[in-house]
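Here the structure comes first, spelled out in structure tokens, and everything after it is commentary.
What follows draws every value from the coordinates through simple rules; no lab data is involved. Model, not experiment: these values are computed from the prediction. Cβ sites come from the backbone with ideal geometry, for glycine too, and all protein chains shown count toward neighbours.
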Amino acid sequence: MRKRRSCAGAWGYDRPAMTATPPRSASTPQAAIPPAAIPAPLHRAAPGLAVVLMICATAFLAATTLIAKALGTDALGPALHPMQVSFGRFLFAWLVFATAIVALRPVLTRPDYRTHVLRTACGWGGVTLMFAAAASIPLSDATAISFLNPVLAMILAIPLLGEKVGPWRWLAAAIALAGAMILIRPGTEAVQPGALLALGAALALGLELIFMKRLSGRERPLQILIVNNSIGLAIAALAVVWVWQPPAPAQWAGMAGIGLLMACAQVFFINALARADTSFITPFSYLTLVFAAGYDALLFGVVPTAVSLIGALTIIAGAALLAWREAVNRRNS
């Protein structure tokens, strides 16, 4: 039984009453997890292990965008539509979590289906736009722009959740948005549609975080994962009918890889948060950008420009300031 509980604990479903961590969506960066969603410690503090888990999660997340880029170009065969790539992501991630449900047989409660549907619809839209962006602009740019989603979630929380935002958080938002403008370059001929797609992805994923907040503390992580991926698979299956083309064997393998890597990243991320303070572990999430740039350079020969680096670092500075301020607010509350 001990061995079984240990395995179950890794999935987070046997936690006692606590604030449950809403799992990430297909491409949401780790820094986007709202402060209210951070779980109470389940395991003994193990900062070193938490860092290793977070680094693995960021490497896997960056790899999903790399594979999406390969599928959306002609690297593995005729380019697949982003909606077909996101269908593969949800299909194979669902198989992973469905297998976990059968093997672990957790006690499930009645889900809040309305919130789940709204959250998953935003997540599906966000990941599809992100995969489209990854196929048309450097991965480092797409990943950097996606780090805007906690900032956009903060702004959306004002009208949707009635939250109050202080000057520090507005400053963080202004810095991050300035970084996005550097990358998007509005008003110049250098504006790329892919950057606008990434901005749309960040907006959709920011809205998803609003619904994540509503789920936090109500349902256990494994249940949220399986419900999210089940609804996402249904949405993706309806959408892909209009753009479906028979994938090559290598493309099937790529879609399976995206689903498996995303599932592993979600589990690693949840376990990293359970073993260290969020304020300590969150900065390591920005390694996603490093991995994305490295993968792009190694496999596609794309090297970030000086403008891309400045824009990315500016966005990270704003997101890091927001995360720091949220940590201060939690300590003072």
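Extending 7 Å from the Cα toward the beta-carbon at both Leu108 and Ala237 defines two label points whose distance is 1.4 nm.
If the chain linking Leu298 and Leu161 were pulled fully straight, counting 0.36 nm for each residue of separation and taking away their Cα-Cα distance, it would gain 45.0 nm.
Modelled this way, with points 7 Å down the Cα-to-C-beta line, the labels at Ala178 and Gln192 are 2.3 nm from one another.
Put in line by how crowded their Cβ is, counting other Cβ atoms within 10 Å and starting with the fewest, Glu219, Glu208 read Glu219, Glu208.
Which of the three applies to the range 240-315, rounded, prolate or oblate, going by the alpha-carbon gyration tensor with a ≥ b ≥ c and a/c under 1.5 meaning rounded? Taking the square roots of the gyration eigenvalues as a ≥ b ≥ c, the range 240-315 is oblate. Assign one of three labels to the range 38-172, namely rounded, prolate or oblate, based on the Cα gyration tensor with a ≥ b ≥ c the square roots of its eigenvalues; rounded applies when a/c is under 1.5, prolate when it is not and a/b is larger than b/c, and oblate otherwise. It comes out rounded by the Cα gyration axes.
On the basis of the beta-carbon distance and an R0 of 41 Å, Asn329 and Ala306 show a calculated FRET efficiency of 0.70. Coordinate range of the alpha-carbon atoms in the range 43-332 per principal axis, descending: 55, 53, 39 Å.
For the range 296-333, the residues whose backbone nitrogen is under 16 Å from a point 7 Å from the Cα of Phe280, taken along Cα to Cβ, are 327-328, 331.
Would the range 94-211 count as rounded, prolate or oblate if I go by the C-alpha gyration tensor, calling it rounded below 1.5 in a/c and otherwise prolate when a/b exceeds b/c, oblate otherwise? Oblate, since a/c reaches 1.5 and b/c is not below a/b. Between the range 230-287 and the range 73-133, the C-alpha centres lie 7 angstrom from each other.
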